[in-house]
Amino acid sequence: MAVVLWLTRGAHRTLAEQNFRRLQLLSAASYSFSHGTNDAQKTMGIIVPLLFSIGYFGPAVDTNQLPVPFWVILIAHAAIALGTLTGGWRIVKTMGYRITNLRPVHGFSAETAGAATIIGASVIGIPVITTHIICSSIIGVGSTMGFSTVKWGVARSILWAWILTIPLSALIGYLSFTLIRIFL
């Protein structure tokens, strides 16, 4: 954001906003692409070993180079798209409206920084949580307008949700397994 502000320091505000509104289409597309390169890969990374464990690939497959069937790729990307379509709007609304007020220049900067971070992590094989990346990008962009423009209570709530997700998921899984064992 600081670089973008420096590069556009002499620009007319209305014209700059108009241009960044168009550029935001590219940054949003880049962020969406990066989201699929990382999150869908994590899904495939769970499905492929499960397929191996049930003997899907046969005995001749190299366990160090398991192939990813095309149908798994399609299902993983479809799952990401369906999740975004059904529940993603809530996350988008929180990120875009509740953390800080974003203008097109801020959205462009946050999406571009998020896309670059996720693509960089994906290229070197590091799984990251894309929501964490975009949230921190938005907080960073919002902070350039002054720390008081970021709604830190919302950011704190998001952080607690991230911290509690894994232990609560484990507890729900344990309780579900226990109930299934009782009835089966």
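Computed from the coordinates by the stated procedures, all read-outs in this text should not be read as laboratory data. None of the values given here were measured: they were computed from a predicted structure. When we count neighbours, we look across all protein chains shown, and the Cβ atoms used for this are built from the backbone with ideal geometry, even at glycine.
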Exercise for review: For the chain, find the longest principal axis of its Cα atoms and tell me its angle to the long axis of helix 152-183, 0 to 90°, nearest 10.
Suggested key: 10 degrees
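Expressed in nm to one decimal, what extension gain is obtained for the pair Ile75 and Arg21 from 0.36 nm per residue of sequence separation less their Cα-Cα distance? Write down the numbers at each step before the final one.
On the way: separation 54, 0.36 × 54 = 19.44 nm, distance 3.25 nm.
That works out to 16.2 nm of additional length.
Only sites in a loop by DSSP and with at most 10 other Cβ atoms within 10 Å count here; which trypsin sites (Lys or Arg not before Pro) in segment 1-64 make the cut? Walk me through the intermediate numbers first.
On the way: sites: Arg9, Arg13, Arg21, Arg22, Lys42; in loops: Arg9.
Passing both the DSSP loop test and the Cβ count: Arg9.
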Revision key, fill the gap. In Å³ per residue, the alpha-carbon convex hull of the chain encloses 152 Å³
Study note, to complete from the structure: Expressed in nanometres to one decimal, the distance between label points 7 Å along Cα→Cβ at Thr144 and Ile91 is 2.4 nm
Study note, to complete from the structure: Given unit charges at Cβ for Lys, Arg (+) and Asp, Glu (-), the dipole magnitude of segment 71-184 about its Cα centre in debye, nearest 20, is 300 debye
Study note, to complete from the structure: So Thr37 and Thr84, fully extended at 0.36 nm per residue minus their Cα-Cα distance, gain in nm 15.5 nm
Revision key, fill the gap. Taking 53-66, 120-133 and ranking on average Cβ neighbours within 10 Å, highest first, one gets 120-133, 53-66
Review point. How would you order 45-51, 74-80 from highest to lowest mean count of nearby Cβ atoms within 10 Å?
Key: 74-80, 45-51
Exercise for review: With label points built 7 Å along Cα→Cβ from the Cα atoms of Val128 and Ser176, find their separation and express it in nm.
Suggested key: 2.9 nm
**Study point:** Furthest towards positive pole of dipole, Ile54, Val105, Ile118, structure part the chain, Cβ charges
**Key:** Val105
Point to revise | Packing rank of 153-159, 102-108, where each peptide gets the mean count of other beta carbons within 10 Å, highest leading | key: 102-108, 153-159
Point to revise | Whole-Hz couplings from phi, Karplus 6.51/-1.76/1.60, listed for segment 94-104; x for Gly and Pro | key: 5, 5, x, 10, 8, 6, 7, 7, 10, 9, x
Review point. What spacing in nm lies between the two simple spin-label points modelled at Ala60 and Trp160, each 7 Å away from Cα in the Cβ direction?
Key: 5.7 nm
Practice item. Specify the angular offset, from 0 to 90 degrees and rounded to the nearest 10, of the alpha carbon long axis of helix 70-93 from the longest principal axis of the alpha carbons in the chain. Key: 40 degrees
